[in-house]
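Novice: This structure is in structure tokens; I'll ask about it shortly.
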Amino acid sequence: MLKVSHISNIQIYTEEWDRARIGRATSSNISNLMGDKFTTTDCVSYVYQKAGEIITNKSTAVEDDIIEDENTAWGREHEPAAIRRFGNLKGIQFLVTQKMIMNEDSRFSSTPDAIWIHGASVLKEGEYKVSTMEVKCPRKYPRYIPLWKCKTPEDLKKFSKKYFWQVIDQMDNADAAVGYFACYHPSFPPDTNIRIIEFRKIDLWPEFKLLKDRKTLYLKFLEEIKAEFNPSLLQSTTQ
């Protein structure tokens, strides 16, 4: 269940969004922690980046998902149509789009392209059952076609571990039992212009367990670095 208070009003790609991500590991880059072992070059570099952001309250990162180029501009242009197509196919009347999921006390955050709210919890006030949705809109055919050919989470993992772990982490941050990945290309015929892959947490317990373990190691490493630079920054971080 996702707490409504964790669905921020922060819109993606804004200055406020950039500031809120300082010092927080994000779903779009969580794959840096998910190598064959924890202490890969990418992982260590990512922890150093986030530790530095916390210490300086500034970011020096130019992250892959926000680099401005022709392909990125194409993706941003067509994401709304992809989300509408997804909603139509699933019979969804309303989707919360591109809002940051963030617990103020957490060192993690996520910005799914859409959140599908199924309904309120009958047990806990202010919590909702949700599913997450991530969409990619590759501009070039050699990128779209093999991505469209992926039909299962395992297929996606083989094609792009980055995309696979992005969906898993979005689900983890939103405490969602189901998540979705979609790829979309407006130039293809209607029966082939979108591929939707369903992720079911019950079928992916080992991956969620591994993610939890890696996040624990990440937080421990982060605190050690912070303490080296300024012992006053050391705190008990459980999120």
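The values are calculated or read from the model by the stated rules, or taken from the named source; none is laboratory data. Model, not experiment: these values are computed from the prediction. Heads up, the Cβs are rebuilt from the backbone with ideal geometry, glycines too, and the neighbour counts pull from every protein chain shown.
Novice: Right, K50: buried (at least 17 other Cβ atoms within 10 Å of the Cβ) and over 14 Å from I196 (Cβ atoms) or not? Talk me through it step by step, then tell me what you get.
Specialist: Details: buried (at least 17 other Cβ atoms within 10 Å of the Cβ): yes; over 14 Å from I196 (Cβ atoms): yes.
The answer is yes for K50.
Novice: To continue, here is another question. Take the residues of region 1-27 that are out of contact with any Lys or Arg (no Cβ under 6 Å at 6 or more places or on another chain) and either among the charged types (D, E, K, R) or without any contact (Cβ under 8 Å) to a residue 12 or more places away in the chain (or both): which is surrounded by the fewest Cβ atoms within 10 Å (Cβ to Cβ)?
Specialist: Within region 1-27, the match that is surrounded by the fewest Cβ atoms within 10 Å (Cβ to Cβ) is E15.
Novice: To continue, here is another question. Please go through (1) farther than 20 Å from K162 by Cα; (2) at pLDDT 95 or above; (3) aliphatic (A, V, I, L, M) for V44 and return the number of the only condition it doesn't satisfy.
Specialist: Checking V44 against (1) farther than 20 Å from K162 by Cα; (2) at pLDDT 95 or above; (3) aliphatic (A, V, I, L, M), the one that fails is (1).
Novice: Which numbered condition trips up C183, out of (1) within 26 Å of S106 (Cβ to Cβ); (2) crowded, with 17+ Cβ neighbours inside 10 Å?
Specialist: It fails just one condition, (1).
Novice: Separate question: Working only within region 150-180, note down all residues that are in contact with a Ser or Thr (Cβ under 6 Å, 6 or more places away or on another chain) and either crowded, with 21+ Cβ neighbours inside 10 Å or under 27 Å from S8 (Cβ atoms) (or both).
Specialist: Filtering region 150-180 down to residues in contact with a Ser or Thr (Cβ under 6 Å, 6 or more places away or on another chain) leaves 161-162, 165-166, 169-171, 173-174, 176, 178-179.
Hits for region 150-180 are K162, W165, Q166, D169, Q170, M171, N173, A174, A176, V178, G179.
Novice: A further question follows. For region 1-57, which residues satisfy the criterion of being touching an Asp or Glu at 6+ places or on another chain (Cβ under 6 Å), of a type in the set (V, I, T) and within 21 Å of M171 (Cβ to Cβ)?
Specialist: Answer for region 1-57, where residues must be touching an Asp or Glu at 6+ places or on another chain (Cβ under 6 Å), of a type in the set (V, I, T) and within 21 Å of M171 (Cβ to Cβ): I10, I30.
Novice: Let me ask another. Return the residues of region 159-207 that are in a strand (DSSP E or B), in contact with an Asp or Glu (Cβ under 7 Å, 6 or more places away or on another chain) and under 14 Å from S27 (Cβ atoms); say none if nothing qualifies. So that I can check it myself, show each step before the final result.
Specialist: Residues of region 159-207 in a strand (DSSP E or B): 178-184, 194-200.
From what is left, the residues that are in contact with an Asp or Glu (Cβ under 7 Å, 6 or more places away or on another chain) are 178, 180-181.
If the condition is that a residue be in a strand (DSSP E or B), in contact with an Asp or Glu (Cβ under 7 Å, 6 or more places away or on another chain) and under 14 Å from S27 (Cβ atoms), then Y180, F181 are the ones that fit.
Novice: While we're here: Which condition number in (1) out of contact with any Asp or Glu (no Cβ under 7 Å at 6 or more places or on another chain); (2) at pLDDT 95 or above is the one that V62 fails?
Specialist: (2)
Novice: Mind checking whether some residue in region 214-225 is of a type in the set (K, R), in a helix (DSSP H, G or I) and in contact with a helix residue (DSSP H, G or I) (Cβ under 8 Å, 6 or more places away or on another chain)?
Specialist: Residues of region 214-225 of a type in the set (K, R): 214-215, 220.
Filter once more, so that each one left must be in a helix (DSSP H, G or I): 214-215, 220.
From what's left, in contact with a helix residue (DSSP H, G or I) (Cβ under 8 Å, 6 or more places away or on another chain): 214-215.
Scanning region 214-225, I find at least one residue that is of a type in the set (K, R), in a helix (DSSP H, G or I) and in contact with a helix residue (DSSP H, G or I) (Cβ under 8 Å, 6 or more places away or on another chain), so the answer is yes.
Novice: I30: within 15 Å of the chain's Cα centre (by Cα), surrounded by 15 or more Cβ atoms within 10 Å (Cβ to Cβ), at pLDDT 95 or above and part of a helix (DSSP H, G or I), yes or no? Write out each step before concluding.
Specialist: Details: within 15 Å of the chain's Cα centre (by Cα): yes; surrounded by 15 or more Cβ atoms within 10 Å (Cβ to Cβ): yes; at pLDDT 95 or above: yes; part of a helix (DSSP H, G or I): yes.
Taking the combined requirement at face value, the residue satisfies it.
Novice: Just give me the residues in region 134-187 being within 22 Å of E70 (Cβ to Cβ) and of a type in the set (S, T, Y), in sequence order.
Specialist: Of everything in region 134-187, those that are within 22 Å of E70 (Cβ to Cβ) and of a type in the set (S, T, Y) turn out to be Y141, Y144, S160, Y163, Y184, S187.
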